[in-house]
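Here's the structure, in structure tokens; my notes come after.
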Amino acid sequence: MSGPVHDVHTHVVPKGWPDLSAVCGGTGWPWLRVDSERAAMLMVGDHEWRPLGAASWDVHTRLSDMDADGVGVQVVSPTPVFFSYDRPADQAVKVARVFNDLVLEWAAAGGDRLVPFCQVPLQDPDAACAELDRCLAAGHAGVEIGNHVGDRDLDDPGVVEFLRHCADVGAPVFVHPWDMPDGPRLDRWMARWLTGMPAETHLSLLAMILGGVFDAVPRDLRICFAHGGGSFPYWLGRADNAWHRRGDLVRGRSAHPPSHYIGRFYVDSVVFEEPALRLLVDVVGEDRVVVGSDYPYPLGERPAGRVVREAGFLTEEQRAKIMIANAARFLGRP
């Protein structure tokens, strides 16, 4: 295997953003409570949302960790708490511009090792397309989107319009779950992350398939789903069975059963154990799995790509695809 390992799933929280209420309007915005030079708390209003370390904002710390993990290139995406899909579109445009410009400047310090993806105001398709175009012209390599906008899933006409635009301009799309359901049964044990995130991603893939999106968008749309596609790979057979046996309810706008659309999307490798990775490769295909780590967050994989490196069932050719070539193809890079 030659060349740098590509990690397509990492996040950043840059320092130095302005008072978002003053710049964007509205209240209850995220803000950073800096506790020390290397520790901070990401706040949402008065709520402590997530503790952060220097790896979230310090380029040198990140590059050092990448060297330690044998990672040559990271795709760096926004942290989903900043998406702001529930706000008026004009506010979401403003916050997207703030963070997209900050992240572009931040990533430049890493040379070509840090590949920035932007965020867009997905609740407004025209504004989302315009912000994507602005960001691509400025140096962003692609876009991260959340897996839904309120009750509108990825088969929503406005979201489909945006995905068509991504295909037209050659922008890769990374889909990340966010805004999971809550309640007494999910607000303990990090259950929103342990059950809600896999379920959200599963639902979004079903929406792309059964909602007819893959039939409607160009085949050259490059789209990748986080966290190994959630629970979707494990239950693909159930979805196919339902499509055939209860087509009156299940088929939606899809022209074919769900398994037909394997090969139309990528998934990352953040599944943590070799049996899960084997299932992922068996179901999605060795050409559609890419290394992802969810760095620098604690539920991510360290070192990045560990399971792929150690998996005994992979040939060296397959390992090279998953660690390098597939990500390069997703990014549209030689």
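The values are calculated or read from the model by the stated rules, or taken from the named source; none is laboratory data. All figures in this text were calculated on a predicted structure; none of them were measured in a lab. Using ideal geometry, Cβ is built from the backbone for each residue, glycine included, and neighbour counts are taken over all protein chains shown.
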So which of Leu279, Leu314, Leu299 is more than 22 Å from Pro172 (Cβ to Cβ) and surrounded by 19 or more Cβ atoms within 10 Å (Cβ to Cβ)? Leu314
Show me the helices (runs of 4 or more DSSP H) entirely contained within the range 1-113 in which 2 or more residues are farther than 23 Å from Pro298 by Cα and among the polar types (S, T, N, Q). 89-108
Given (1) under 26 Å from Trp193 (Cα atoms); (2) surrounded by 14 or more Cβ atoms within 10 Å (Cβ to Cβ), where does Arg251 come up short, assuming only one miss? (1)
I'd like the residue in the range 294-330 that is touching a strand residue (DSSP E or B) at 6+ places or on another chain (Cβ under 7 Å) and assigned to a helix (DSSP H, G or I) and, out of all such residues, is nearest to Pro275 (Cα to Cα). Ile322
Given the condition closer than 30 Å to Ala328 by Cβ, of a type in the set (Val, Ile, Thr) and at pLDDT below 95, answer yes or no: does some residue in the range 80-103 qualify? yes
Is it the case that Val159 is within 26 Å of His227 (Cβ to Cβ), modelled with pLDDT of 95 or more, aliphatic (A, V, I, L, M) and in contact with a Pro (Cβ under 8 Å, 6 or more places away or on another chain)? yes
Among the residues of the range 151-166, the number that are without any contact (Cβ under 8 Å) to a residue 24 or more places away in the chain and in a loop (DSSP other than H, G, I, E, B) is 2
Taking first residues from the range 290-301 that are more than 15 Å from Val267 (Cβ to Cβ) and at pLDDT 95 or above and second residues anywhere that are among the polar types (S, T, N, Q) and assigned to a strand (DSSP E or B), the pairs with Cβ under 6 Å that are 6 or more apart or on different chains are Tyr295/Thr10
Where in the range 185-286 are there helices (runs of 4 or more DSSP H), lying fully within it, with 2 or more residues that are modelled with pLDDT of 95 or more and closer than 21 Å to Asn147 by Cβ? 197-210, 213-216, 236-245, 274-284
Residues in the range 114-128: is at least one loosely packed, with under 15 Cβ neighbours inside 10 Å and at pLDDT 95 or above? yes
For the range 25-77, which positions are farther than 25 Å from Arg97 by Cα, of a type in the set (D, E, K, R) and without any contact (Cβ under 8 Å) to a residue 40 or more places away in the chain? Asp35, Glu37, Arg38, Asp67
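Here's the yes/no breakdown for (1) crowded, with 17+ Cβ neighbours inside 10 Å; (2) within 19 Å of Gly16 (Cβ to Cβ); (3) touching a helix residue (DSSP H, G or I) at 6+ places or on another chain (Cβ under 7 Å):
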{"residue": "Ala40", "(1), (2), (3)": "yes, yes, no"}
{"residue": "Asp46", "(1), (2), (3)": "no, no, no"}
{"residue": "Arg50", "(1), (2), (3)": "no, yes, no"}
{"residue": "Ala68", "(1), (2), (3)": "no, no, no"}
{"residue": "Pro88", "(1), (2), (3)": "no, no, no"}
Output the residue which, of all residues in the range 302-334 that are among the small types (Gly, Ala, Ser) and touching a residue at least 24 places away in the same chain (Cβ under 8 Å), is nearest to Val12 (Cα to Cα). Ala304
Just give me the residues in the range 317-334 being modelled with pLDDT of 95 or more, over 18 Å from the mean Cα position of the chain (by Cα) and surrounded by fewer than 16 Cβ atoms within 10 Å (Cβ to Cβ), in sequence order. Glu317
